[in-house]
Amino acid sequence: MDKIKLLENCKLCPRECGVNRLEGKVGFCKSGSEVKISRAALHKWEEPCISGINGSGTVFFSNCTLGCVFCQNHVISQEGVGKEVSISRLSDIFLELQDKGANNINLVTATQYIPQIISALDLAKEKGLNIPVVYNTSGYEKIETLKLLHGYVDIYLPDFKYFNDKFSLRYSNAKGYSFFATKAIDEMVSQVGSPIFDENNIMKRGVIVRHLMLPGLLFDSKKIIDYLYNRYGDKIYISIMNQYIPLNNANKYEEINKYLDKRHYDSLINYAIKLGVENAFVQDEGTNIESYIPEFNGEGV
């Protein structure tokens, strides 16, 4: 089956809008038939085993299946800043990043373009693409869509944003987020298995689940860490993040219109340690500054 035909009745994400994107119609994510990206460059601010010294070959895709009120990348995820590129051009971008020494190809928020990306990866592999592919996602995924990526993705880098759906509805306009995220992570682990690293501690295969802690949601965060460790143990890595910045429309939500309390973050780390979590990444202070947000200026597009 030509996977591009999936866009005729688009149900790639849990929203299942069912619009015909090949005829110019758009659903929640506002994506059409053409791939739209805002930046393709080496990025050194991912987890150490992803970025390493050379950097991760990140491709930032425009638009998003979520609607996070605090999104740091809102200019591309919600305002659609970016440039449309052909499948052929996208395959060349992958190869250009490899030529620059990227440790991997890092597909950032790419759910809405999976059929086109698969075609681009096929082309790129025919031309010599041989570095790992990272699928960097919000976690709001369908198993059926992830199965399309089996054999294409080596490293899954999903978020697990919320355990309680009242928060996913309030802050990301996403019904059933936890249900879909847990099923998605199961599928990811089943596809790529336990972590594998090279001699330089660069990940070649595996799953890293990210959790960005939000102000006032310590209890929900503990639920997520508890769930992940009890279900997967050392088969995955957990990345516990403190880089929340009250951006975008966060000022409309008083309870999260502030920076994260360091004591709450420390409490979450201590909770994870007491549980027995060892395969984890944590962040130092000072990551919650806007200078860490990439410039979405069309570089590499």
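Here are a few things to note about the model shown:
- Flag if residue 222 is over 22 Å from residue 260 (Cα atoms) and open to solvent by 10 Å² or more (accessible area, probe 1.4 Å): no
- Residue, nearest to the chain's Cα centre (by Cα), within segment 171-195, restricted to residues that are under 17 Å from residue 72 (Cα atoms) and either polar (S, T, N, Q) or surrounded by fewer than 19 Cβ atoms within 10 Å (Cβ to Cβ) (or both): 172
- Residue count, segment 186-206 (criterion: among the polar types (S, T, N, Q) and closer than 14 Å to residue 141 by Cβ): 2
- Flag for residue 59 being aliphatic (A, V, I, L, M) and under 20 Å from residue 173 (Cβ atoms): no
- Number of the condition not met by residue 292 [criteria: (1) of a type in the set (Phe, Trp, Tyr); (2) open to solvent by 60 Å² or more (accessible area, probe 1.4 Å); (3) at pLDDT 95 or above; (4) closer than 17 Å to residue 47 by Cα]: (3)
- Within segment 24-50, the set of residues being in contact (Cβ under 8 Å) with a residue 60 or more places away in the chain and of a type in the set (A, V, I, L, M) comprises 35, 37, 40, 41, 42, 50.
- Breaking point among (1) surrounded by fewer than 17 Cβ atoms within 10 Å (Cβ to Cβ); (2) touching a Leu at 6+ places or on another chain (Cβ under 7 Å); (3) assigned to a helix (DSSP H, G or I), for residue 167: (1)
- Residue match in segment 108-123 (condition: buried (at least 17 other Cβ atoms within 10 Å of the Cβ), of a type outside the set (A, V, I, L, M) and free of Cβ contacts under 8 Å to residues at least 40 places away in the same chain): no
- Residue pairs meeting the criteria (Cβ under 6 Å; at least 6 apart or on separate chains; first on the phi > 0 side of the Ramachandran plot, in segment 181-205; second of a type outside the set (Val, Ile, Thr) and at pLDDT 95 or above): 201/49
- Restricting segment 47-68 to residues that are aliphatic (A, V, I, L, M) and open to solvent by less than 10 Å² (accessible area, probe 1.4 Å), the residue that is farthest from residue 142 (Cα to Cα): 50
- Only one of 297, 249 that is open to solvent by 80 Å² or more (accessible area, probe 1.4 Å) and farther than 30 Å from residue 195 by Cα: 297
- Screening residue 256 against (1) among the aliphatic types (A, V, I, L, M); (2) closer than 21 Å to residue 71 by Cα; (3) under 21 Å from the mean Cα position of the chain (by Cα) leaves a single unmet condition, (3).
Residue by residue, here is whether (1) among the polar types (S, T, N, Q); (2) in contact with a helix residue (DSSP H, G or I) (Cβ under 6 Å, 6 or more places away or on another chain) holds:
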residue: 230; (1), (2): yes, no
residue: 233; (1), (2): no, no
residue: 237; (1), (2): no, no
residue: 255; (1), (2): no, no
residue: 282; (1), (2): no, yes
residue: 295; (1), (2): no, no
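The values are calculated or read from the model by the stated rules, or taken from the named source; none is laboratory data. In this text, all values refer to a predicted model and were calculated from it rather than measured experimentally. Note that each Cβ is placed from the backbone with ideal geometry, even for glycine, and that neighbours are counted across all protein chains shown. Just so you know, the surface numbers come from the protein's heavy atoms only, side chains and all, with ligands and any DNA or RNA stripped out. Shrake-Rupley method; radii C 1.70, N 1.55, O 1.52, S 1.80 Å.
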